[in-house]
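Worksheet: the structure to be examined is printed underneath.
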Amino acid sequence: MNVPWHFARLRGERVTLDLLRADDVEVLSAIQGDPAIVRYMLYEARSREQVIAAIERDSAHDCLERAGDYVQPAIRDADGQLVGTLYFTLVSTDDRTAEIGWLLSATARGKGYATEAAEIFLRIGFDELGLHRIAAELDPRNDASAAVCQRLGMRHEAHLRENMWLKGEWVDTAIYATLEQDYRRAHSEFRDADGR
């Protein structure tokens with residue numbers, strides 16, 4: 001693997017990924033404090049104080065080097081407005097694996113922001129870090145996130161039944177993943193079809 005890797009602002013066609021800032025607290029509080037938005041997350045709706053602590057914690061993580069290291073950048077639209085966050089963590093450097101996830105505001109959903117932000121990190125994971133596999137674990141009732149995984153070309157590898165007690169109920173976990181060779185094949189076909 002090509003580590004350490006240091007996070008710096010990343011730009012896509014319509015999104016920019018950069019570190020969370022103190023002035024993101026109001027928008028991020030509206031996102032992470034909404035029970036409907038965080039329904040499928042591992043945490044309950046957060047208070048403003050919890051969001052401030054999360055910004056301080058997550059903005060300090062800007063390097064991927066060993067298992068457990070993560071970055072959680074802001075996803076910003078073309079106007080620079082915070083629309084959500086992306087999560088990317090190294091699971092194993094020996095096995096060259098990582099996990100990815102995302103969370104968007106209600107008004108930002110359905111516009112391709114999560115797909116574009118995740119695509120940026122798939123490229124980084126495979127082209128810069130030298131990963132072999134990137135996976136996403138999600139509640140299978142989260143149709144929007146499952147659709148993002150499918151648009152990214154991730155394969156639905158598993159459906160674990162009632163494997164977690166969360167928020168007062170047994171919940172399932174769906175696992176989607178893509179391998180380096182699948183990613184390269186898909187992007188080679190895209191380049192061939194696009195003539196580039």
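Which residues, taken from the range 139-173, are within 19 Å of the chain's Cα centre (by Cα), polar (S, T, N, Q) and either assigned to a strand (DSSP E or B) or on the phi > 0 side of the Ramachandran plot (or both)?
Across the range 139-173, the qualifying residue is only T173.
Quick check: anything in the range 89-98 surrounded by fewer than 18 Cβ atoms within 10 Å (Cβ to Cβ), of a type in the set (D, E, K, R), closer than 17 Å to W5 by Cβ and touching a residue at least 60 places away in the same chain (Cβ under 8 Å)?
no
Yes or no: the range 51-62 includes at least one residue that is buried (at least 19 other Cβ atoms within 10 Å of the Cβ), out of contact with any Leu (no Cβ under 7 Å at 6 or more places or on another chain) and not in a strand (DSSP E or B).
First, pick out the residues of the range 51-62 that are buried (at least 19 other Cβ atoms within 10 Å of the Cβ): 51, 54-55, 58.
Applying the additional criterion that residues be out of contact with any Leu (no Cβ under 7 Å at 6 or more places or on another chain) yields 54.
Now narrow it down to the ones that are not in a strand (DSSP E or B): 54.
Yes, the range 51-62 has at least one match.
Quick one: which residue in D34, D69 is at pLDDT 95 or above, surrounded by 12 or more Cβ atoms within 10 Å (Cβ to Cβ) and closer than 30 Å to G130 by Cα? First the steps, then the outcome.
Details: D34 fails: closer than 30 Å to G130 by Cα.
From the options D34, D69, the qualifying one is D69.
Provide a single number: the residues in the range 132-144 that are within 11 Å of G101 (Cα to Cα) and either touching a Gly at 6+ places or on another chain (Cβ under 8 Å) or modelled with pLDDT under 95 (or both).
Step one: of the range 132-144, the residues within 11 Å of G101 (Cα to Cα) are 134-138.
From what's left, either touching a Gly at 6+ places or on another chain (Cβ under 8 Å) or modelled with pLDDT under 95 (or both): 134, 136-138.
Within the range 132-144, residues that are within 11 Å of G101 (Cα to Cα) and either touching a Gly at 6+ places or on another chain (Cβ under 8 Å) or modelled with pLDDT under 95 (or both) number 4.
Could you check the range 39-50 and list, in sequence order, the residues that are among the aromatic types (F, W, Y) and surrounded by 14 or more Cβ atoms within 10 Å (Cβ to Cβ)? Outline the logic, then answer.
Initial filter on the range 39-50 (among the aromatic types (F, W, Y)): 40, 43.
Selection gives Y40 alone.
May I ask you to verify whether G80 is small (G, A, S), assigned to a loop (DSSP other than H, G, I, E, B), touching a residue at least 24 places away in the same chain (Cβ under 8 Å) and surrounded by fewer than 19 Cβ atoms within 10 Å (Cβ to Cβ)? Write out each step before concluding.
Details: small (G, A, S): yes; assigned to a loop (DSSP other than H, G, I, E, B): yes; touching a residue at least 24 places away in the same chain (Cβ under 8 Å): yes; surrounded by fewer than 19 Cβ atoms within 10 Å (Cβ to Cβ): yes.
Yes: the conditions hold for G80.
Take the range 63-77 and flag every residue that is in contact with a strand residue (DSSP E or B) (Cβ under 6 Å, 6 or more places away or on another chain) and not in a strand (DSSP E or B).
Selection gives A67, D69, Q72, P73, D77.
Quick one: I55 ticks every box in (1) in contact (Cβ under 8 Å) with a residue 40 or more places away in the chain; (2) more than 22 Å from N142 (Cβ to Cβ); (3) not aromatic (F, W, Y) bar one, so which box is it?
(1)
I'm told R66 meets every condition in (1) charged (D, E, K, R); (2) more than 21 Å from A136 (Cα to Cα); (3) touching a residue at least 24 places away in the same chain (Cβ under 8 Å) except one. Can you identify the failing condition by its number?
So R66 meets the others, but not (2).
Quick check on my filter: what residues within the range 6-21 are basic (K, R) and closer than 22 Å to V51 by Cα? Let's see the steps before the verdict.
Applying the first criterion (basic (K, R)) to the range 6-21 yields 9, 11, 14, 21.
Listed by number, the residues that qualify are R9, R21.
All but one of (1) surrounded by fewer than 13 Cβ atoms within 10 Å (Cβ to Cβ); (2) modelled with pLDDT of 95 or more hold for G195, so report the exception by its number.
With respect to (1) surrounded by fewer than 13 Cβ atoms within 10 Å (Cβ to Cβ); (2) modelled with pLDDT of 95 or more, G195 is out only on (2).
The values are calculated or read from the model by the stated rules, or taken from the named source; none is laboratory data. Owing to the predicted nature of the structure, the values given are computational and were not obtained by experimental measurement. Positions of Cβ are backbone-derived with ideal geometry, glycine not excepted, and every protein chain shown enters the neighbour counts.
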